[in-house]
Amino acid sequence: MTKSNKILSLKGVSKSFPATARGGEPIDILDSIDLELHTATSIAITGKSGSGKSTLLQISAGLLSSEKGEVLFDGRRLDTLSDTQLSRIRSTSMGFIFQSSLLLDDFTALENVAVPAMIMGIGEKPAREKALHLLESVGLSDRLGHKSDQLSGGERQRVAIARALVNEPLILFADEPTGSLDERNAALIEDMLFALVAEKQVALMLITHNAPFASRCDEVYRLHNRKVEVIR
Amino acid sequence: MVLFLAKRYAFSSENRHKGTSVRIAFGLALCLFAITMVLSFMQALQENQFEDIRTFESFDVQASLSFTDLERGNALVGELESLPLVDHAFLFSEIPVLIQGNGGTALAGRIRAIQSKGAFKEGLNLYRGVLFQEGMLSSSYLHLSSMPLGASVEITLLKKGKQATVIPSQRTMPIGGVFYTSMYDFDSSTYLTDLDTLYSLNADAPLSIGIFSSEKSDLVAREIRQKFPSLEPVTWKEANASLYGAMQLEQSMMSLMLLMMVAVIIIHIRNSSRRLLLAKQREIAMLRSMGLMKSRVQQIFVLQALIVAAVGSLAGVLLSISGILLYPNFSQRVYSSLGVHLNITLNIPNLLVLVVAILCFSGFASYIGTRRILKADIMEMFAHDEVK
């Protein structure tokens, strides 16, 4: 870790999607974005639907490449890393929560949480123990053997949170984690997310169009006209 | 971890796409079974035909003699039988004839006089009467209605003449025995007698020596050539060169057809592997976002493909073994249509080659498939619609 505690840094990042096969102009999504995220802090990116919030998160996490600019994770440019190095960073230092709580459908809740730990190199038994502990902490000790289709939307999202935290990452990327939930479940997930982020001292990059949810973060940005504006 | 995930994606009951794995394995098993059985049948049919040819028609090795003296011939037979590679040696001679039986029907054929020994003796079955009686002919069961036991038949043959080169000659001879063998062509065209009787019909009939050996006929012929330079031994392959060539061609064509079946298997593996990988594309993206390296993803799906192919191949091998073991019970029912009892055996080297080819191609197809999928960004893989 660098002395400045700067964990993620985006410098002049631009992204456009190519024209479709049917023709049309390329669509510019992001234009020279600069952004920084420090350890154990949280930032929220808000904006209208289609403003490029998710694209920004995906580029920040190295899931998508940008055309211009650079993304530095812990001082290292993600676009210069090999697949092995990038995979290692994703495994050990990043956690993901997606809007549709993408779980592995062929695996139980317990296995869904244990798999990332196994990918990191932890044995199956200790990985299951770790997963069990985390699922208990998100209140799912009675749903360990249930598969994705046997869980409610809120329960799936709690499994996704436990899965994102199982390898004790430095940064958590959450893309509309409450977007598909009802109000009661959304509030529950919000509370749980912030409690765990605070407890485990994890940096959080939150994408949401929910202003009250965003306001719980240390910093709030808005994506507008392909640029990032500081809200708070 | 790789094994844990590969097993889950192969046949685990937790796997939503288990049905696809089962269908792939089932398809492989059936194809392997079909190829193995066709190969075994083809080989058994050929071996059966070759065996008949060697037993009744041309023997393992034969050599024409330049004389017709039976005593000299018998002395040579004794010398040949003392050779280590020769199991049985015997004199034989044959002449072409037209034979007219009851009802006036004339049949073209040959009279063969032979010292019945070895495989010929064992394969020759007596139906009625006594075979090789002096002054009598034996006809086959096929001609029973026109040449029953005891009936006199009229024989027309060509003999060396004094003024003309050959002249027709006619003799009447009784049927003293009825035989049958497993070779239809032999039975339909051959009448048997002893050498003295044949020479009483035609004193100029060419005399030959037949040889049976459990060793390779080429080696036997070479040994005879070395020890008896005056003889020109001919192996059964040389004596039936055109038939042997045709059967070799038939085998090549069958191999070509089997190669096409293998091509069908390969297309089946490739399509199934692609379908399975497409179905798992979103899960691959998820695993990648969790930090699973591309090489690990490939290992998982190659291992998964190998597990499916191994199960399919094992099922195919078991089916093939069962088919071959159960065939004797079934062969009585198909005897009437095939006309022969076949001893089918499993060709282990061929089967091993097929299994190894299936395993290799399954692994390769999966490797290529995952490599193609992994070229896309993780988010592009996420956007892929799940294949049901």
Total charge dipole magnitude, the range A:56-116, about the Cα centre, Cβ charges on Lys, Arg, Asp, Glu only, Debye to nearest 20: 260
Exposed-site-free run, longest, chain B (rule: GluC sites (Glu not before Pro); DSSP loop; at most 16 other C-beta within 10 Å): B:216-385
Inter-part distance where the range B:123-168 and the range A:85-132 are each reduced to a Cα centre, Å: 90
Simple Cβ-charge dipole of the range B:59-239, Lys/Arg +1 and Asp/Glu -1, about Cα centre, in debye nearest 20: 400
For the range A:6-230, accessible area per residue (1.4 Å probe, heavy atoms of protein chains only), Å²: 42
Top of A:97, A:27, A:189 by mean-square fluctuation, Gaussian network on chain A, Cα under 10 Å: A:27
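Going through the DSSP H helices of chain B, which span 18 Å or more along their own axis at the Cα atoms while scoring at least -1.0 as a mean Kyte-Doolittle hydropathy?
Helices meeting the criterion: B:18-52, B:241-279, B:294-338, B:348-374.
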From phi via Karplus (6.51, -1.76, 1.60), per-residue ³J(HN,Hα) for the range B:122-131 in Hz, x at Gly/Pro: 5, x, 8, 9, 8, 9, 8, x, 10, 8
Shape of the range B:76-195, Cα gyration tensor, a/c cut at 1.5: oblate
Per-residue average of Cβ from other chains inside 10 Å of A:103-110: 5
All lysines inside 26 Å of residue A:53 as judged from Cα atoms, apart from same-chain residues fewer than 8 positions distant: A:6, A:11, A:15, A:68, A:200, A:227, B:375
Most fluctuating residue given options A:164, A:186, A:109, as computed from a GNM of chain A linking Cα atoms under 10 Å: A:186
Charge dipole of the protein assembly as shown about the Cα centre (unit charges at C-beta), most positive-ward option of B:180, B:62, B:25: B:25
Heavy-atom accessible area per residue - chain B, 1.4 Å, Å²: 49
Candidates B:217, B:242, B:93: whichever shows maximal mean-square fluctuation once chain B is modelled as a Gaussian network with Cα springs under 10 Å: B:242
Whole-percent carbon and sulfur share, accessible surface of the protein assembly as shown, 1.4 Å: 55
Positive dipole terminus of chain B, leading residue within B:252, B:146, B:265 (C-beta point charges): B:265
Overall form of the range B:168-237 per C-alpha gyration tensor (a/c, 1.5; a/b vs b/c): oblate
Nearest-ten-degree value, helix A:83-93 long axis tilted from longest Cα axis of chain A: 60
Accessible surface of residue A:226 - all protein chains present, 1.4 Å probe, nearest 10 Å²: 100
For the protein assembly as shown: rounded, prolate or oblate by the Cα gyration tensor [a/c cutoff 1.5]: prolate
Helical contribution to [θ] at 222 nm, DSSP H n ≥ 4, -39,500 (n - 2.57), averaged over chain B, rounded to 500: -18500 deg cm²/dmol
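Compute, for the protein assembly as shown, the length of the dipole vector about the Cα centre, with Cβ point charges of +1 (Lys, Arg) and -1 (Asp, Glu) only. Units Debye, rounded to 20.
Approximately 1800 debye in magnitude.
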Length-normalised contact order for chain B - Cα pairs under 8 Å, 6+ apart - percent: 26
Residues losing 40 Å² or more accessible surface upon assembly, the range A:53-91, compared with the chain by itself, 1.4 Å: A:63, A:83, A:87, A:90
Charge dipole of the protein assembly as shown about the Cα centre (unit charges at C-beta), most positive-ward option of A:174, B:195, B:205: A:174
A/B buried area, accessible surface, summed, 1.4 Å probe, Å²: 2400
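The values are calculated or read from the model by the stated rules, or taken from the named source; none is laboratory data. As the structure is a computational prediction, the values presented were derived from the model and not from experiment. In this analysis, Cβ positions are derived from the backbone assuming ideal geometry, glycine residues included, and neighbour counts consider all displayed protein chains. These accessible areas exclude ligands, DNA and RNA; they are computed on the full protein's heavy atoms, side chains included. Shrake-Rupley method; radii C 1.70, N 1.55, O 1.52, S 1.80 Å.
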